[in-house]
Each structure stands twice: as C-alpha cells, then as structure tokens.
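**Q** Okay, here's the structure, questions in a sec.
Bear in mind that the values in this text are calculations on the coordinates, not laboratory data. These figures come from a predicted structure and were not determined experimentally. Cβ placement follows ideal geometry from the backbone for every residue including glycine, while neighbour counts extend to all protein chains displayed.
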Amino acid sequence: MSSDRLGVWLDRAILVLVVAILVRGAFLVLGRRPKVLLPLPVAFPVPAASRAVPRPVVMYRPPRKVPPMQRKAAEGYMREGSRFFNAGSFTAARKAFLTAQALLPFESAPAQAVARVESKLEDENVWAGINEKAARGDLSRAWTDFASASADDLPFFLDYTPPFAKILEEKGEIASEVSLLRTYCKLRPQSFPELRKLESRSFLFAK
C-alpha cells in the first residue's frame, strides 16, 4: 500500500473518530439538560359538606310486644342486608332491609337501614351515568358530573374517586387523575394503593 493511500485511510479514520466523539459529547450534554416538568395540578376541591341521609319517617305507635320468632327473623334479615350492603349488592340489601322493616314496622333501625341503602342506590345511579359518559369518550362531561356530585357529598367523593381515577389513568388524563388523588390521599392517607399511585406520578410534575 502506498504512503498516499495509507494517509487517506488515516485521515478517514481520524474523521470517523472525531465525529463519534462529537456525537457522544452531544448525547452527554443533552442527557444533563434538566427535564421540562409540567406544573403540579391544583388539588380537587374538598367537598364542603356531606349530604345527610334523610331521616326516615317512623310514625309513632304505642309500644307493642313483637313475637320472639318475628323479631328473630327481622334481625336475621338485618344481618343479611348488612352483608349484602358491605359486598356492594345494594339492591339485594334493600330487599332484605325492607323485609325487616315489614316485620318491625314501628322500629327505627330497619327504616334507617332502608333510607341508607336507598341513598346509596341513588349514588350508584349517578356513578353509572358518569361511567357511561367516560366509556364513550365524553370525559369533559364525566368530569363535570363527578365534580357536581362530589361538591356537597363527601362520601360520594371518597367512594367513587378510586374508580374514576382509574378511568382517567386509562384515558391518559394524568393531570386530572393527580388532581383527584391529591385531595383523596389527604383525606385518606391510609389508602396505600392511591398513595403509591400519586407518588409514582410525582416525577412528571414540578413541585
């Protein structure tokens, strides 16, 4: 190989080496640039008050003795209704509580249980509407309805924030999800799944 050809190959090798060094340096500089963070979303407003479950109207009647078997049956339906309620089967819970109320029509406990489960069924209907709007992609309306339902009903906010936050996450609405979780975790700091989810989003936002 002539000296001229050798010189050309050396020049090319040097050029390739210089380009490689420049490219690596550029990547290092870009990697050290601070990431542009989004502003931290404003926390969702804390519901100002809890909607009170209306007290049932129990007409006064002179006390009367209830047959032991009838009372025992009513108590059984009350326990059954409570199990259904805690499991989220509110229609079945309402049926059991109404049966207990029919057996003990002049006592307040069954009537209060019926009022409580009927209030919960109302909440379920509102949530079904919100969920349906979100499913068809109308997140703006779903958000408006959720905010309206939560405004004066703290139990509604606490019950339905986790599933609504999950929907927002699935739809890529991370800022709205963080807004909800910031308030929810403040009110329920022991709710570790939501707390961990909020912490996992923190790197996206500036403090």
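**Q** Distance between the C-alpha centers of the range 165-207 and the range 146-160? Whole Å please.
**A** One Cα centre to the other: 16 Å.
**Q** Another question, then. Taking square-rooted eigenvalues a ≥ b ≥ c of the alpha carbon gyration tensor, is the range 96-164 rounded, prolate or oblate, where a/c under 1.5 means rounded and, failing that, a/b exceeding b/c means prolate? Each step should come with its number before you reach the end.
**A** Numbers: a/c = 4.12, a/b = 2.70, b/c = 1.53.
Because a/c hits 1.5 or more and a/b exceeds b/c, the range 96-164 counts as prolate.
**Q** Rounded, prolate or oblate: which fits the range 66-138 when a ≥ b ≥ c are the square roots of the eigenvalues of the alpha-carbon gyration tensor, with rounded for a/c under 1.5 and prolate only if a/b beats b/c?
**A** Values: a/c = 4.87, a/b = 2.99, b/c = 1.63.
Here the range 66-138 falls in the prolate category.
**Q** Could you size up the charge dipole of the range 107-159 around its Cα centre, putting +1 on the beta carbon of Lys and Arg and -1 on that of Asp and Glu, and report it in debye to the nearest 20?
**A** Dipole of the range 107-159, to the nearest 20 debye: 200 debye.
**Q** Which residue, L139, A151, L168, has the largest displacement toward the positive end of the dipole of the range 133-207 when charges sit on each Cβ (Lys, Arg +1; Asp, Glu -1)?
**A** Positive-most Cα among the choices belongs to L168.
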